[in-house]
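Worksheet for the structure shown next.
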Amino acid sequence: MICGSLGRIIFRNLSDMQYNISGKWSLAKCPGCGLVWQHPLPRADQVPGFYSDYHTHDDEELDSFMSGVYFRGIPVATMGYEDNVASKQERTWGRIFSLIGPLKELGQGAVLWLEAEKRGKLLDVGCGAGI
């Protein structure tokens, strides 16, 4: 997209599993530069609607023990994110909660299902609180 390529669709009919935003979309990838983008791109007048009920800066929520279990403990326990600083308790409870499908998905959503050993570079424009 940046280099002018139309790209090719690599994933179709995706839905938002974390915030339950309505709609379906696809992801396209440039065969030349490797950039991946949402397809179709949202129109400028649609963007404010994506953030009407979007809260990313609630510090108490991010600092709670359960948030640590979800956002650090489960990725550490299930996806190889050992460098994702987690306390011993967060890691233990992350292993336990990862046995429960919906809780495992919630925790893995914290790193957007990126396997630790397959890390690369990711630019997330508009990444909320940055966690």
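The values are calculated or read from the model by the stated rules, or taken from the named source; none is laboratory data. As the structure is a computational prediction, the values presented were derived from the model and not from experiment. In this analysis, Cβ positions are derived from the backbone assuming ideal geometry, glycine residues included, and neighbour counts consider all displayed protein chains. Note: accessible area is taken over every heavy atom of the protein model, side chains too, but ligands, DNA and RNA are not part of it. Shrake-Rupley method; radii C 1.70, N 1.55, O 1.52, S 1.80 Å.
Listed values, structure above:
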| item | result |
| --- | --- |
| Residue list for the range 22-35, restricted to those being open to solvent by 70 Å² or more (accessible area, probe 1.4 Å) and in a strand (DSSP E or B) | Lys29 |
| Condition broken by Arg72, with the remaining ones in (1) at pLDDT 75 or above; (2) open to solvent by less than 70 Å² (accessible area, probe 1.4 Å); (3) within 18 Å of Glu105 (Cα to Cα); (4) not acidic (Asp, Glu) satisfied | (2) |
| Only listed residue being part of a loop (DSSP other than H, G, I, E, B) and modelled with pLDDT of 85 or more, chosen from Ala44, Ala77 | Ala44 |
| Of residues in the range 1-45 being among the β-branched types (Val, Ile, Thr) and out of contact with any His (no Cβ under 8 Å at 6 or more places or on another chain), the one nearest to Gly109 (Cα to Cα) | Ile21 |
| Residue list for the range 1-21, restricted to those being over 24 Å from Pro102 (Cα atoms) and either open to solvent by 80 Å² or more (accessible area, probe 1.4 Å) or among the charged types (D, E, K, R) (or both) | Met1, Ile2, Cys3, Leu6, Arg8 |
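The rows are residues; the columns are (1) modelled with pLDDT of 70 or more; (2) under 20 Å from Asn20 (Cβ atoms).
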{"site": "Arg91", "(1), (2)": "yes, no"}
{"site": "Gly94", "(1), (2)": "yes, no"}
{"site": "Ser98", "(1), (2)": "yes, no"}
{"site": "Leu103", "(1), (2)": "yes, yes"}
{"site": "Leu106", "(1), (2)": "yes, yes"}
{"site": "Ala110", "(1), (2)": "yes, yes"}
{"site": "Ala116", "(1), (2)": "no, no"}
{"site": "Gly126", "(1), (2)": "no, yes"}
